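One structure below.
The values are calculated or read from the model by the stated rules, or taken from the named source; none is laboratory data. Keep in mind the model is a prediction, meaning the values are calculated, not measured. Positions of Cβ are generated from backbone atoms using ideal geometry, with glycine treated the same way; all protein chains shown enter the neighbour counts. Calculation scope for accessible area: heavy atoms of the full protein, side chains included, ligands and nucleic acids excluded. Shrake-Rupley method; radii C 1.70, N 1.55, O 1.52, S 1.80 Å.
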Amino acid sequence: MKYKKFRDERIEKKSYMICSIMYLVIICFLMVSLILKIILGISFERYVIEILCFVISGGYIIFSLSKFRIGLFSSSDDVISEIRKSILAKGFMICFWIAIVGEFVLLILGFLKGIDVLLYSISWGIPSVIITSYSIKNGLLLWGGHKRKSSGKSALAKRTIIGAIFFGIVMGSPELYKGGTFHAIGILWIIGMAFGWGLPFYLLFKAMINLGEKNADKQVTIIDGEDDIYEKQENEDC
């Protein structure tokens, strides 16, 4: 129980910390993207994602900070600091999902150009890589224990299948209809795209979680060792 409590608290605090930093990163990327698009005078639908991210995440953060009556930079109190990090972390997740879902929707509708896809992919891709690397190194990616490992793998497989089907349809559906006619080979394109994305993703994510579990155990072992040394020193002093 002590191990589980320590692990959960450590994961929560470190997750809030890294995601709160990445909120500032993704906002900077989106701001640069917005400025470039406005300077170039492109149509509104090509920067509507940036506007939605700023308005929705900013509104959420302002409302939440006001509810707790804390400032964005004021006070170094540990409790207030953790609340602020959790709010900024949720602001990051708002921007992250708006950027990803919005990019796919607008791409399907034909509103985005190659440069738009590149800018959005950088905006959410770089923070994602940083968070994933940090989580693996610090043991934040976990199955949740041996009993939950089986159900965790099953849940990962189901979500991967759903994501793979979605990816396959998005990327392969243009091959179904060309010149106003149906092409059966497009079905093979959809299956191939889904399988080609889904299998590597599942194996890679599974490996990352297993590595995260090992690193989490190392973190706990180090803490336990430090506690033992501290208790031993106290006994000797007594």
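Points worth noting:
- Whole-number accessible area per residue in Å² for segment 14-121, which is evaluated in the context of all protein chains at 1.4 Å: 55 Å²
- Pairs beyond 23 Å (Cα-Cα), from LYS14/LYS206; LYS37/LYS90; LYS14/LYS214; LYS37/LYS113; LYS37/LYS85: LYS37/LYS90; LYS37/LYS85
- Sorting the segments 92-103, 55-66 by their mean number of nearby beta carbons within 10 angstrom, highest to lowest, gives 92-103, 55-66.
- Rounded to the nearest 10 Å², the accessible area of TYR134 at probe 1.4 Å: 50 Å²
- Efficiency of FRET between LEU203 and LYS113 - r from beta-carbon atoms, R0 30 angstrom, step 0.05: 0.35
- Mean-position separation - Cα centroids, segment 162-200 and segment 121-135, in angstrom: 27 Å
- Multiplying the residue separation of LEU72 and ALA155 by 0.36 nm and subtracting their alpha-carbon distance yields 26.2 nm.
- Sulfur and carbon atoms: percent of accessible area, segment 45-190 [1.4 Å]: 71 percent
- Residue-level accessible surface for TRP124, protein heavy atoms, 1.4 Å, Å²: 70 Å²
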